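The values are calculated or read from the model by the stated rules, or taken from the named source; none is laboratory data. Quick caveat, the model's predicted, so the values are computed rather than measured. Here the Cβ positions follow ideal geometry from the backbone for every residue, glycine too, while neighbour counts run over all protein chains shown.
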């Protein structure tokens, strides 16, 4: 249970973290690496539509880990019906200032599936190789869960406490939208987070190098999301007949129309601030186009560029069962990501492009938001980075995807994403989310634990 602080780790441990050729024995691995490896070894694959391995075993591991360090976790779960149990774990960690509003620090235990035949390692073995920890969830987001648990361990074993109470949340079902996780908790158990005012989770916190200077991206908002099903109906029968109401033709026409929408650039308050910060670091003129500015962000550019506009992306077409049979129905799925406040406008345009002969059904949705890039929490992030990475700056950004913060925000929580990841130059961290051979550098994990611990002591 003893965990040395990274600042005082001996030279052998630093060698194990920084040198891909160095040995990585159990004795020199920081607690955050060991714990994250343990978490990866639980297969918590979530296939969506209620098909999941379930989070039960990993939830019990997390609860036991917290109990061993003096916390009193509670496990809550919706009725599983015929499926696996989908538990979430919460624990309140007392701080030095119980008079201050607590902070909710949360992450999800489920992961997207992995096809082992596509990987160069077993995706659920938690293999350490080339100075990195490999496996599904290494970046999304068992790394953050490991940092949370290891921060508890580091502070408890050294007799330290966070400044304010911390509500730790380990949630189920995020990868499928949170119906059995954050959404259910917000509806059925709001008392678990009721007095918190800030929610800290994924995806921000990683670094990019711009103009020779490191910038930490603090996620201060998210685009919304809507998962849409299109359905076309027509007459069914032999394919040799002429059928003007062919459902496959109708769905293809609708998908093509939606795919052809050219959404314009619309800057939010967050993206304006990000662009201004990058222009300053890169020495670009004020009139430099947004796309040109974001190109300075290197591997993060594709993620950041998607925050300049709303998107409507066709992802699935499902129709027919034999080549010589015209089906009565054809379906398609569209992934919709509106900018904050643009939900209705985007859905109206999608319906127009789909046409009158196609039914548009919203299966799930979450509304985007922007939290202030100011206040005591943001000040604490800036001060923590100034202490641990003095030459770096902190910039706000809007997430192009969605997190559990969308479901929890109606409870009065200001949502932020900050999984502190100091990324080595040349390592494409954003490109690793949901990717084959997902992995995280060991020293990035270790520095992240130290940063999260310092932030909780400061805020």
Practice problem: Could you tell me whether residue 154 is more than 16 Å from the chain's Cα centre (by Cα), buried (at least 20 other Cβ atoms within 10 Å of the Cβ) and not in a loop (DSSP other than H, G, I, E, B)? | Solution: yes
Quiz prompt | Tabulated pairs, segment 49-67, first assigned by TED's automatic domain parsing to the domain that holds residue 81, second buried (at least 19 other Cβ atoms within 10 Å of the Cβ) and assigned to a helix (DSSP H, G or I), C-beta under 6 angstrom, 6+ apart or interchain | solution = 65/149
Exercise. Within segment 132-140, identify whether any single residue is surrounded by fewer than 24 Cβ atoms within 10 Å (Cβ to Cβ), at pLDDT 95 or above and either in contact with a strand residue (DSSP E or B) (Cβ under 6 Å, 6 or more places away or on another chain) or not in a loop (DSSP other than H, G, I, E, B) (or both), and answer yes or no.
Key: yes
Quiz item: Does residue 116 satisfy the criteria of being assigned by TED's automatic domain parsing to the domain that holds residue 438, free of Cβ contacts under 8 Å to residues at least 24 places away in the same chain and either more than 20 Å from the chain's Cα centre (by Cα) or under 21 Å from residue 46 (Cβ atoms) (or both)?
Solution: yes
Quiz item: Would you pick out the residues in segment 430-446 that are surrounded by 20 or more Cβ atoms within 10 Å (Cβ to Cβ) and touching a residue at least 24 places away in the same chain (Cβ under 8 Å)?
Solution: 430, 438, 439, 440, 441, 442, 443, 445, 446
Quiz item: Of all residues in segment 67-83, which are closer than 19 Å to residue 188 by Cα and in contact with a helix residue (DSSP H, G or I) (Cβ under 9 Å, 6 or more places away or on another chain)?
Solution: 73, 74, 75, 76, 77, 78
Practice problem: Kindly indicate whether residue 137 is within 20 Å of residue 56 (Cα to Cα), in contact (Cβ under 8 Å) with a residue 12 or more places away in the chain and either within 18 Å of the chain's Cα centre (by Cα) or outside the structural domain of residue 88 (by TED's automatic domain parsing) (or both). | Solution: yes
Self-check item: Which numbered condition residue 364 misses (of (1) modelled with pLDDT of 95 or more; (2) within 30 Å of residue 319 (Cβ to Cβ); (3) assigned to a strand (DSSP E or B))
Solution: (1)
Quiz item: Is segment 378-390 home to any residue that is under 23 Å from residue 146 (Cβ atoms), in a loop (DSSP other than H, G, I, E, B) and not assigned by TED's automatic domain parsing to the domain that holds residue 299?
Solution: yes
Self-check item: Residue count for segment 300-344, restricted to those that are in a helix (DSSP H, G or I) and surrounded by fewer than 18 Cβ atoms within 10 Å (Cβ to Cβ)
Solution: 4
Practice problem: Would you mind listing the strands (runs of 3 or more DSSP E) fully within segment 206-261 where at least 1 residues are within 30 Å of residue 49 (Cβ to Cβ) and touching a residue at least 12 places away in the same chain (Cβ under 8 Å)? | Solution: 213-222, 225-233
Quiz item: Are any residues in segment 421-450 assigned to a loop (DSSP other than H, G, I, E, B) and under 13 Å from the mean Cα position of the chain (by Cα), and if so, which ones?
Solution: 429, 433, 434
